[in-house]
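**Q** Quick one: this structure, given as structure tokens, is what I'll be asking you about.
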Amino acid sequence: MKRSTRILGAVLLLAAVFAVGYFVGSPSRAPEKPATDQPAADGHEDHDHAAAEQPAASGESGGDVVWTCSMHPQIQLPEPGQCPICFMDLIPLTDGDGDGEVVSLRQIRLSSRARTLAEVEVVPVERRAVGLTTRLTGKVAYDETRLAEIAAWVGGRLDTLYVDYTGQQVEGGERLASIYSPDLLSAQAELIQAAETLERLADSRSTLTKQTAQRTLDAARKKLSLLGLSGGQIDAVLRRGTPSDHVTITSTTGGVVIERHVTEGAYVQTGAPLFTVADLSRVWVVLEAYESDLPWIRMGQTVRFATAAHPGETFEGEVVYIDPFVDRSTRTIRVRLEANNEDGRLKPGMFVTAAQRTEAGDDATPLVIPASAPLLTGKRAVVYLQHPDDPGLYYGQEIVLGPRAGDVYIVREGLSEGDLVVAKGAFKIDSAVQIKAKPSMMTPDAGAPAPAGHDHGMHAAGPPGAGTEMEMPDEPAYDVPFEFARQLPVLPQHYAMVEEAVYAARQGAVGVEAVRSAFKDFYDAVCAIDPTSITDQDAALLWKELSMLLRNDSFLGSEAEDVSEAARLFRTFEGHFAELRDAFPLAPPKRAALLQAPPAFRESLTQLFRSYLAMHDALSGDDAEAARAAADELRSLLGRVPADELSGEAADVWQEASGAMQDALDAMEGGDITAMRDSFQPLSDGLTTLITRFGGPDDTPVYEMFCPMAFDNQGGTWLQIQPDVLNPYYGASMLRCGEVRRELAPSEPATGDPMESPASSLLDTPAAFRQALAPIVSAYLGVQLALADDHLPTAREQARVLTLTLPMVDASGLSEAAATIWSDARASLEQGAAAIESSTDIEAARMGFLTLSEGMLTATARLGAGVNRDLYEAFCPMAFGNEGASWVQESEEILNPYFGASMLRCGEIERPLGVR
């Protein structure tokens with residue numbers, strides 16, 4: 001009892017000591033700096049511990065200090081304290097990446113000293129022929145297609161063996177054995193009797209009797225044939241006239257007897273095996289390959305091998321079969337060669353060693369990086385690139401690797417030739433990036449920028465096809481330029497196709513090929529999007545990150561081996577697409593129903609818009625008098641609009657919009673050009689409402705423009721009919737300041753299909769004008785076919801014809817909008833044709849053809865050029881360094897003018913042209 005009491009007391013005392021030590025020694029949330037007017041306890045008066053522990057807290061650090069946890073780097077706070085997860089003290093982290101260019105969410109900047117400590121080495125990504133010598137072992141085997149089993153056709157006693165040992169060489173038709181068979185004796189007797197009967201009935205007048213005798217003879221011959229007698233043996237029986245009780249078994253093929261199943265004197269049943277004969281003129285060589293060897297082994301390859309029996313000599317065989325499974329015990333895959341063995345020197349059972357040299361990239365020299373560069377995460381990998389103009393700036397890139405070839409990896413997706421990849425020190429850089437809570441190999445989802453009020457977290461990806469209908473957010477996180485936003489609606493369409501294909505494949509309705517095709521289409525779509533018009537840095541960085549991830553997802557999905565792998569890849573793909581959907585405007589803008597209005601009202605709106613354009617031109621040209629005159633005309637027209645017949649919602653929309661326009665015009669009256677510019681914004685807002693709800697002028701595209709600097713950087717909008725910026729708020733001082741925000745289109749009826757394609761923008765042009773364009777279209781098509789045929793002289797000749805024909809086009813009958821469009825198209829046609837005419841090599845001509853095609857696409861799609869011909873817009877994603885390029889052609893079969901014969905069929909038809 002006393003002992004137990006002592007033990008309990010010791011435990012309590014120990015617990016008390018730990019408790020006191022915890023509360024006394026526990027670090028505070030903010031380490032206190034010792035008083036400077038008292039010496040330190042250890043006697044080192046000048047040793048400032050606080051300064052040593054908080055080096056980044058001073059203003060000399062060159063960046064904003066954040067406090068993070070070394071174990072949980074996603075925790076980043078503006079003040080010191082403890083980690084809310086593990087309660088460790090936070091450490092200071094200076095964010096110095098803000099100095100200089102920002103190119104990626106995964107970037108980090110290292111000082112010269114840090115690069116030295118991390119032993120960072122970079123090498124350029126290069127294209128070069130790589131290969132691997134694969135060494136395999138195996139053995140010679142019989143060709144199973146050349147094995148023959150010799151069996152007894154009849155039952156009986158084996159009286160004589162003409163081949164009595166294995167290994168004996170036999171020829172086709174050679175005697176192997178003789179069998180005594182009572183069944184054979186009776187069958188021969190039946191044959192002889194049937195033949196004699198038919199002979200006696202030769203003079204009979206009864207046709208039926210002779211036919212019966214003939215059928216009996218045929219049946220007897222058939223019976224002997226089934227008992228193993230050849231046609232010659234049956235004829236010999238008939239000539240002999242007496243039955244025999246023995247049958248001779250012959251070999252059906254030439255070769256070597258590799259197995260004898262019977263002995264002389266034995267009784268055998270019908271079908272019993274007697275001998276196995278193998279034709280050794282061709283043999284199999286069965287090799288054992290590891291999984292890592294498979295990328296370098298292809299059907300039809302020639303492989304050299306050697307045997308110990310013939311030192312210094314090599315043999316050749318062709319790969320004819322690769323096992324579709326892995327041996328569970330050896331973890332190898334059997335690879336079968338077929339080898340010629342006419343001289344018989346290859347003996348089945350011999351061990352062989354094979355050395356196979358395979359070059360990578362049958363079609364093109366592959367991109368390669370050092371094997372030490374990637375941080376492997378499966379088929380995907382993370383590499384770090386050095387900025388070409390900033391040696392201290394590094395950023396991560398997720399890529400898709402091909403097979404390893406010795407000391408290099410083949411890169412299949414994600415890098416370009418000349419990129420500077422970190423060959424040594426990548427893991428250290430990744431660790432530093434991870435500490436900064438940025439996307440890295442270990443934490444790929446960290447660090448995405450999110451505007452206030454928007455959540456960019458990854459959505460949980462449910463099973464393909466089993467979730468609810470995909471919904472777009474009411475308002476995307478980023479307001480991106482029109483030129484970028486107009487490209488995005490194609491992505492959810494292709495995403496839906498992928499989702500549907502995966503779901504159908506899991507249900508067994510389609511095969512994995514359909515899923516691969518859907519992923520490939522999405523990959524092509526996301527690669528075709530041009531993000532260069534994005535001006536918001538955070539939006540540009542997030543697009544770069546998400547598009548990279550989606551490209552890799554869809555690239556891997558396009559090569560999925562089976563449905564299970566495709567479904568697994570889709571779950572990752574779905575999460576990345578959810579982030580994209582939250583951040584960017586993937587859906588076309590929803591349009592309200594088109595309001596009904598009398599024709600006279602719509603005509604008045606068209607006149608209002610024309611006067612508005614006149615005022616816009618005056619303000620952008622700094623012409624106050626012309627602007628004032630246009631405002632007076634607008635005021636007059638606005639008061640004469642016949643709006644009395646409007647009712648309901650149409651009347652409400654008109655009253656509100658016209659009231660705003662009237663207030664703006666009243667504010668302009670008597671004012672200078674500055675006052676008119678200040679009121680031009682509400683005037684534009686009112687007219688924008690009218691055009692979007694009642695419809696704009698027929699056959700005229702209307703663009704809403706945006707200047708971010710107008711009105712003290714609050715931004716201002718206005719309307720134009722051409723996409724080139726003409727800023728009315730600044731005039732000549734900043735005429736080109738701004739961008740296209742969107743293209744206004746008439747609202748669609750509420751009953752319309754939301755997925756239906758928008759109406760064509762083909763303008764009504766005079767028949768004489770379209771007829772004048774016909775020879776220009778013909779000359780253009782001549783250039784296209786000549787370049788596809790790699791024939792520069794013909795291309796130059798057709799370009800000359802086009803140049804001579806252009807001045808003959810009379811554009812006087814065109815509307816104002818059509819004339820503006822034709823002016824731009826003609827300039828491109830003239831410039832492109834001149835470049836082709838003066839080109840000295842075909843590549844220069846193809847560069848000119850790109851400009852020529854821009855003009856022709858406009859002429860065909862907007863002005864009706866070639867309207868009586870079946871013209872198509874084609875697109876090649878690989879042209880001009882994978883930037884992609886379009887052209888016009890008359891055939892649905894791709895004839896690529898940018899590559900010619902080298903890749904004549906590269907590309908796809910985008911759309912038919914000239915269709916209303």
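The values are calculated or read from the model by the stated rules, or taken from the named source; none is laboratory data. Quantities reported herein were computed from a predicted structural model and do not represent experimental measurements. For neighbour counting, all protein chains shown are included, and Cβ atoms are generated from backbone atoms with ideal geometry for every residue, glycine included.
**Q** Taking the condition without any contact (Cβ under 8 Å) to a residue 12 or more places away in the chain, closer than 30 Å to Pro370 by Cα and not in a strand (DSSP E or B), does Thr116 pass?
**A** Considered against the rule, which asks whether it is without any contact (Cβ under 8 Å) to a residue 12 or more places away in the chain, closer than 30 Å to Pro370 by Cα and not in a strand (DSSP E or B), Thr116 comes out as yes.
**Q** To continue, here is another question. Pairs needed: first member in region 125-149, more than 30 Å from His387 (Cβ to Cβ) and at pLDDT below 90; second member anywhere, among the hydrophobic types (A, V, I, L, M, F, W, C) and in a helix (DSSP H, G or I); C-beta distance under 7 Å; at least 6 residues apart or different chains.
**A** Qualifying pairs under 7 Å: Leu132/Trp296; Thr134/Trp296.
**Q** Which one of these is small (Gly, Ala, Ser) and at pLDDT 90 or above: Ala650, Ala657?
**A** Of the residues listed, the single one that is small (Gly, Ala, Ser) and at pLDDT 90 or above is Ala657.
**Q** Would you mind stating whether Ala629 is under 48 Å from the mean Cα position of the chain (by Cα) and within 30 Å of Ala732 (Cβ to Cβ)?
**A** Taking the combined requirement at face value, the residue does not satisfy it.
**Q** Another question, then. Got a number for residues in region 876-916 being part of a strand (DSSP E or B) and either under 15 Å from Ser853 (Cα atoms) or of a type outside the set (Asp, Glu) (or both)?
**A** Count: 10.
**Q** Ok, one more. Only one of Ala819, Ala845, Ala861 is closer than 16 Å to Arg770 by Cα, crowded, with 19+ Cβ neighbours inside 10 Å and assigned by TED's automatic domain parsing to the domain that holds Val783. Can you tell me which?
**A** Just a single option satisfies the conditions, and that option is Ala861.
**Q** Going through Leu191, Leu184, Leu201, Leu136 one at a time, which residue ends up being part of a helix (DSSP H, G or I), touching an Asp or Glu at 6+ places or on another chain (Cβ under 7 Å) and surrounded by 14 or more Cβ atoms within 10 Å (Cβ to Cβ)?
**A** Leu184
**Q** Residue check: is Lys210 touching a Ser or Thr at 6+ places or on another chain (Cβ under 7 Å) and farther than 20 Å from Arg175 by Cβ?
**A** For Lys210, the condition - touching a Ser or Thr at 6+ places or on another chain (Cβ under 7 Å) and farther than 20 Å from Arg175 by Cβ - is met.
**Q** In addition: Among the residues of region 221-241, which ones are over 11 Å from Leu184 (Cα atoms) and surrounded by 14 or more Cβ atoms within 10 Å (Cβ to Cβ)?
**A** Arg221, Gln233, Ile234, Val237, Leu238
**Q** Looking only at region 503-523, decide whether some residue is surrounded by 17 or more Cβ atoms within 10 Å (Cβ to Cβ) and assigned to a loop (DSSP other than H, G, I, E, B).
**A** yes
**Q** Between Thr263, Thr242, which is over 60 Å from the mean Cα position of the chain (by Cα), under 18 Å from Gly167 (Cα atoms) and in contact (Cβ under 8 Å) with a residue 12 or more places away in the chain?
**A** Only one candidate passes the filter, namely Thr263.
**Q** Restricting attention to region 827-841, which residues are surrounded by fewer than 19 Cβ atoms within 10 Å (Cβ to Cβ), part of a helix (DSSP H, G or I) and not small (Gly, Ala, Ser)?
**A** Glu830, Gln831, Glu837, listed by residue number.
**Q** Return a yes/no flag: does region 578-590 have any residue that is in contact with a Ser or Thr (Cβ under 6 Å, 6 or more places away or on another chain) and modelled with pLDDT under 90.
**A** The answer is no, given that none of the residues of region 578-590 is in contact with a Ser or Thr (Cβ under 6 Å, 6 or more places away or on another chain) and modelled with pLDDT under 90.
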